[in-house]
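These notes are about the structure you will find just below.
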Amino acid sequence: MSSTLKNQQHILQKLGIEKLNSMQEEAKLAISSSDNVVLLSPTGTGKTVAFLLPIISGLDPDCSEIQTLILVPSRELAIQIEQVARDMGTGYKVNAVYGGRSGTQDKLDLKHRPAILIGTPGRVADRLRRDSFSTNHIKTIVLDEFDKSLEIGFEVEMTEIITALPTIQKRILTSATQEVAIPDFVGLTNPVQIDYLDEASSQLQLKTIISDTKDKLPTLVKALNHIGNQPGIIFCNYKDTIQRVSDFLQEHKIGHGCFYGGMEQKDRERALIKFRNGTHQIIIATDLAARGIDIPEIKYIIHYHLPLKSQEFTHRNGRTARMNADGTAYILQWKNEELPDFINKLEIQPLIDAPIPKPTGWKTLFISGGRRDKISKGDIAGLFFKQGKLNKDELGIIEIKPDCAFVAVKASKAKKVIEQVTNTRLKKKKVRVSMI
């Protein structure tokens, strides 16, 4: 077995992936052997791993400058790709820069150059203007979800960035949308196109839930009771609606998180962390959550509002029934409301009366130390087992950030654990532990 293959198997093992899917295999081969690749595949099919594997195998371990630049439309996607690349455990330095975090932190991270730099176009362009790092070693550029970056107005910054990279040899573009025009500034010539958009899972069911009243909130609660304790997303078009829906669910004691563009970055990140670790089973979101962000396999989505474009309808639905799993997309429809042309007549889902879903039984704790303090998941687990006196089934998902960490613990043990582990030392750092 070749060392490259051994290395790949080692990485997949670290990521908890048994084997690559057919899209990932084809993309890996194309990126390894071609200089211009366009990868089209539905949301949630593993495009990040598909392009990171061949990129990492092509890095020069003796180079101390940035070798690959990955541009993304959102902070969440930047953070997610950074986390995946770190979880691969290759030894290469990886950093993400994006709006909403301090420029001082960017400078600190870039002082010792990462092999792979990930960022939003606005922040990357800003760092190129302000900092004096060399771009002469950046041979590969990835425009991930490139159509979304263009849609939200990053064309000027993307043009500026690509113009500032004199030695680009490999260009990789990814999208979950069909027939998007590729602008000239990207410099693609005769690209190899990998198109898996038609391979979208046939396991997805589309159904409507009819609301007798124009105000659909009571029907939404009835629908959530009917669906029961399963992870899902409620999509709304406006942040004001999200607040209204959130208040109504709060009144009915249905646990949930919120996720939209106007939220503080810290609150958005924490909402996703609590969703990933099972503290919340429901997240109420705008279309920001429909693209690329790292959320677990979900069983259903509810369109509280329908999007204006068919593309966004497709992206939302792509959050469930991912890669051969099953799932259901429900449209919450007032009885006098007409569906747009891009939706065919659908089966109506009758609702049965059911009790409000019980809380998940998990709480999320914040730890005031992270990766920069040399703290690992093993260190945290050890502290919570030994000093916090938790059993294995009482400790859930651990997520480590550069300066902090988050841990899911059984709700019944949360307060006692905080008392036992806060203000103790993890490695050399005294850490505070609190509930979020």
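The values are calculated or read from the model by the stated rules, or taken from the named source; none is laboratory data. Predicted, not measured: the structure shown is a model, and the values here were computed from it. Here Cβ is always computed from backbone atoms with ideal geometry, including for glycine, and neighbour counts include all displayed protein chains.
Quick notes
- Some residue of the range 346-363 being within 30 Å of Gln311 (Cα to Cα), in a loop (DSSP other than H, G, I, E, B) and without any contact (Cβ under 8 Å) to a residue 60 or more places away in the chain: yes
- Boolean, Thr208 is outside any helix (DSSP H, G or I), out of contact with any Ser or Thr (no Cβ under 8 Å at 6 or more places or on another chain) and hydroxyl-bearing (Ser, Thr, Tyr): yes
- When the test is whether a residue is part of a loop (DSSP other than H, G, I, E, B) and not polar (S, T, N, Q), Asp198 does not pass it.
- Scanning the range 234-256 for residues that are assigned to a helix (DSSP H, G or I) and either crowded, with 19+ Cβ neighbours inside 10 Å or hydrophobic (A, V, I, L, M, F, W, C) (or both) yields Ile242, Val245, Phe248, Leu249.
- Residue that is nearest to Arg127 (Cα to Cα), among those in the range 177-211 that are touching a Lys or Arg at 6+ places or on another chain (Cβ under 7 Å) and among the hydrophobic types (A, V, I, L, M, F, W, C): Val186
- Ile55 under 27 Å from Gly262 (Cα atoms) and either part of a strand (DSSP E or B) or in contact with a strand residue (DSSP E or B) (Cβ under 7 Å, 6 or more places away or on another chain) (or both): no
- Qualifying residue in the range 50-58 (condition: in contact with a helix residue (DSSP H, G or I) (Cβ under 7 Å, 6 or more places away or on another chain), surrounded by fewer than 18 Cβ atoms within 10 Å (Cβ to Cβ) and closer than 16 Å to Ile172 by Cβ): yes
- Ile331 being at pLDDT 90 or above, within 27 Å of the chain's Cα centre (by Cα) and farther than 30 Å from Val421 by Cα: yes
- The residues in the range 283-322 that are modelled with pLDDT of 90 or more and touching a strand residue (DSSP E or B) at 6+ places or on another chain (Cβ under 6 Å) can be counted, and the count is 8.
- Looking across the range 140-176, the residues that are among the hydrophobic types (A, V, I, L, M, F, W, C) and over 26 Å from Glu65 (Cα atoms) come down to Leu150, Ile152, Ala176.
- Any hit, the range 367-378, residues being of a type outside the set (Val, Ile, Thr), in a loop (DSSP other than H, G, I, E, B), in contact with a Pro (Cβ under 9 Å, 6 or more places away or on another chain) and not assigned by TED's automatic domain parsing to the domain that holds His112: yes
- Scanning the range 106-154 for residues that are touching a Lys or Arg at 6+ places or on another chain (Cβ under 8 Å) and assigned to a helix (DSSP H, G or I), we see that the one that is surrounded by the most Cβ atoms within 10 Å (Cβ to Cβ) is Lys148.
- In the set (1) crowded, with 18+ Cβ neighbours inside 10 Å; (2) out of contact with any Leu (no Cβ under 7 Å at 6 or more places or on another chain), the condition left unmet by Leu426 is number (2).
- Verdict on Thr189 being hydroxyl-bearing (Ser, Thr, Tyr) and either crowded, with 21+ Cβ neighbours inside 10 Å or out of contact with any strand residue (DSSP E or B) (no Cβ under 8 Å at 6 or more places or on another chain) (or both): no
- Cβ-Cβ distances below 7 Å connect the following pairs, each with a first residue in the range 144-166 that is in contact (Cβ under 8 Å) with a residue 40 or more places away in the chain, a second residue that is charged (D, E, K, R) and part of a loop (DSSP other than H, G, I, E, B), and a separation of six or more residues or different chains: Glu145/Arg291; Lys148/Arg291.
- Taking the range 79-104 as the range and being in a loop (DSSP other than H, G, I, E, B) and hydroxyl-bearing (Ser, Thr, Tyr) as the test, the residues that pass are Thr90, Tyr92, Tyr98, Ser102.
- Of all residues in the range 341-351 being at pLDDT 90 or above and out of contact with any strand residue (DSSP E or B) (no Cβ under 6 Å at 6 or more places or on another chain), the one that is surrounded by the most Cβ atoms within 10 Å (Cβ to Cβ): Leu351
- Considering residues of the range 155-184 that are part of a loop (DSSP other than H, G, I, E, B) and within 24 Å of Gln311 (Cα to Cα) only, the residue nearest to the chain's Cα centre (by Cα): Ala176
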